[in-house]
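**Student:** Please find one structure pasted underneath; my questions will follow.
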Amino acid sequence: MQHPSCARVVVTGGAGFIGSEFARVLVERGYRSVTVFDKLTYAGNPANIADLAAYPGFTFVQGDICDAARVDEVLADADIVVNFAAETHVDRSLLHPGEFIQTDVFGVWVLLEAARKFGLAKFVHVSTDEVYGEILSGSSVETDALSPRNPYSASKAGGEMMVLAYAATYGVPAVISRGSNTYGPRQYPEKFLPLATTNVLEGRPIPVYGNGRQMRDWMHVRDHAEGIELLVREGRAGEVYNVGGGNVRENLLIVEYILDELDAPRDLVTHVTDRQGHDIRYSLDTTKIRSLGWQPRIPFEDGVRETIRWYRDNRSWWEPLKSGEYEEYYRRNYAGRELVR
Ligand code: NAD
Ligand code: TYD
């Protein structure tokens, strides 16, 4: 691609957790312009990008990736689009799958049409390891069959298929990243680590699904954002790259770190009815992206403990989020769950 100092990048979903960190990486690395295009759903938060407003090349545009006219306005003057925009929470996808199909499949198609029309130099689509489905041993490689098992991961797989179809059919220079579970500052407190941490800070129980022995392949948000930035520069069109932290750990270990770091009583841990269709384990083989020169840098325990302290020290970021719509969702998702041992 052209030198970053010449590249005009649109980051869709850039007011969310990972997209905002990615926009920060682009700003730090001197990209010519960085435009965050975001609908500001419940998960989008202007506070996540407030620090970027001072950068001369930075712009925020509120809009929906499903709105073709609005997408055209923003992509007409872009060289590269990196798509983070998505409905992202598995539990919500069990409650209302339609919104996931709308943004994670239809919205991706709208972006692809615009990328094709304006002849963009690169289309980086941010996907997830969840498209492989659970893997009980070993690690998923990019050539493995996709086997999504919930409406979120199925929608993400659908979006990916459209991206690959546009790459093969129309030559859209598209690259897909499949990231593993990401943690760090500014993650919406519906996801496990910030939910459990902020619950403890409020003296509320930690709801652990089932026995808590499910495993995720954890990665710090900075490592994830830097991996995607490398794909912007070096990812080959039509290719898929796993981006994973290599830290396959049980959920209960995260709980241990939270209790320890916040010096909280163990009886806050509450095992509740398991998630329907809960994937037991994810693990990514990252040989392919490592061959381009990326590797995760932040050690798991250090990164998790530092993240827990960030939520402890930044109540003004999360407290306003845990009201209104959030409380309603929380009741819907957790109220009927039975206690299990
Ligand atoms: P997030 O929920 O924090 O943010 C999503 C952002 O997308 C929000 O700012 C939201 O307002 C915006 N958005 C949603 N629908 C939109 C629409 N129709 N038009 C425009 N903007 C819209 O999500 P995240 O955790 O930062 O995830 C970002 C991407 O990374 C997603 O595509 C997700 O599938 C993928 N991913 C996430 C993880 C993870 O662990 N969080 C892991 C791997 C991949
Ligand atoms: P989550 O952060 O929702 O990410 P994903 O389901 O996309 O991997 O959940 C991470 C793990 O934590 C997953 O195994 C489900 C579990 N979990 C709980 O045990 N309790 C909860 O309240 C939540 C939200 C998740």
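The values are calculated or read from the model by the stated rules, or taken from the named source; none is laboratory data. For clarity, every value in this text was computed on a predicted model and none was experimentally measured. Positions of Cβ are backbone-derived with ideal geometry, glycine not excepted, and every protein chain shown enters the neighbour counts. Remember, those area values only see protein heavy atoms, side chains included, never the ligands or the DNA or RNA. Shrake-Rupley method; radii C 1.70, N 1.55, O 1.52, S 1.80 Å.
**Student:** Kindly indicate whether any position in segment 232-246 is within 22 Å of the chain's Cα centre (by Cα), of a type in the set (D, E) and surrounded by fewer than 18 Cβ atoms within 10 Å (Cβ to Cβ).
**Tutor:** yes
**Student:** Same structure, new question: Given G63, G57, G30, which one is within 14 Å of ligand 1 (Cβ to nearest atom) and small (G, A, S)? Reasoning before the result, please.
**Tutor:** Working: G57 fails: within 14 Å of ligand 1 (Cβ to nearest atom); G30 fails: within 14 Å of ligand 1 (Cβ to nearest atom).
Matching residue, one of G63, G57, G30: G63.
**Student:** Would you please name the residue that is farthest from L146 (Cα to Cα), looking only at residues in segment 291-305 that are surrounded by 16 or more Cβ atoms within 10 Å (Cβ to Cβ) and not aliphatic (A, V, I, L, M)?
**Tutor:** So the first thing to find is which residues in segment 291-305 are surrounded by 16 or more Cβ atoms within 10 Å (Cβ to Cβ), and the list is 294, 296, 298, 300, 303-304.
Narrowing the set further to residues that are not aliphatic (A, V, I, L, M) leaves 294, 296, 300, 303.
Values: W294: 24, P296: 24, F300: 27, G303: 30 Å.
Among those residues, the one meeting the criterion is G303.
**Student:** Hey, can you tell me all the residues within segment 1-21 that are farther than 20 Å from A76 by Cα and not small (G, A, S)?
**Tutor:** Hits for segment 1-21 are F17, I18, E21.
**Student:** Applying the selection to segment 17-47, what residues are open to solvent by less than 10 Å² (accessible area, probe 1.4 Å) and either closer than 18 Å to V126 by Cα or within 16 Å of ligand 2 (Cβ to nearest atom) (or both)?
**Tutor:** Restricting attention to segment 17-47, the residues satisfying the condition of being open to solvent by less than 10 Å² (accessible area, probe 1.4 Å) are 19-20, 22-23, 25-26, 31, 34, 36-37.
Residues satisfying the conditions are G19, S20, F22, A23, V25, L26, V34, V36, F37.
**Student:** A further question on this structure: If a residue has to be open to solvent by 10 Å² or more (accessible area, probe 1.4 Å) and under 14 Å from the mean Cα position of the chain (by Cα) to count, how many in segment 219-231 make the cut?
**Tutor:** 3
**Student:** A follow-up question, please. Scan segment 186-211 residue by residue and report those that are open to solvent by 10 Å² or more (accessible area, probe 1.4 Å), within 11 Å of ligand 1 (Cβ to nearest atom) and in a helix (DSSP H, G or I).
**Tutor:** We begin by selecting, within segment 186-211, every residue open to solvent by 10 Å² or more (accessible area, probe 1.4 Å); these are 186-188, 191-192, 200-205, 207, 209-211.
Next cut, within 11 Å of ligand 1 (Cβ to nearest atom) only: 186-188, 191-192.
Within segment 186-211, just F192 meets the criteria.
**Student:** Also: Go through segment 114-165 and count every residue that is touching a Gly at 6+ places or on another chain (Cβ under 9 Å), more than 14 Å from ligand 1 (Cβ to nearest atom) and touching a residue at least 24 places away in the same chain (Cβ under 8 Å).
**Tutor:** So the count comes out to 5.
**Student:** Same structure, new question: Being more than 16 Å from ligand 1 (Cβ to nearest atom) and either modelled with pLDDT of 95 or more or polar (S, T, N, Q) (or both) narrows it down to one residue among G238, G244; which is it?
**Tutor:** On the way: G244 fails: more than 16 Å from ligand 1 (Cβ to nearest atom).
Matching residue, one of G238, G244: G238.
**Student:** Something else: Please pick out the residue among K191, K156 that is touching a Pro at 6+ places or on another chain (Cβ under 8 Å), closer than 23 Å to A225 by Cβ and within 15 Å of ligand 2 (Cβ to nearest atom). Give the steps one after another, and end with the answer.
**Tutor:** Numbers: K191 fails: touching a Pro at 6+ places or on another chain (Cβ under 8 Å).
Of K191, K156, the one residue that is touching a Pro at 6+ places or on another chain (Cβ under 8 Å), closer than 23 Å to A225 by Cβ and within 15 Å of ligand 2 (Cβ to nearest atom) is K156.
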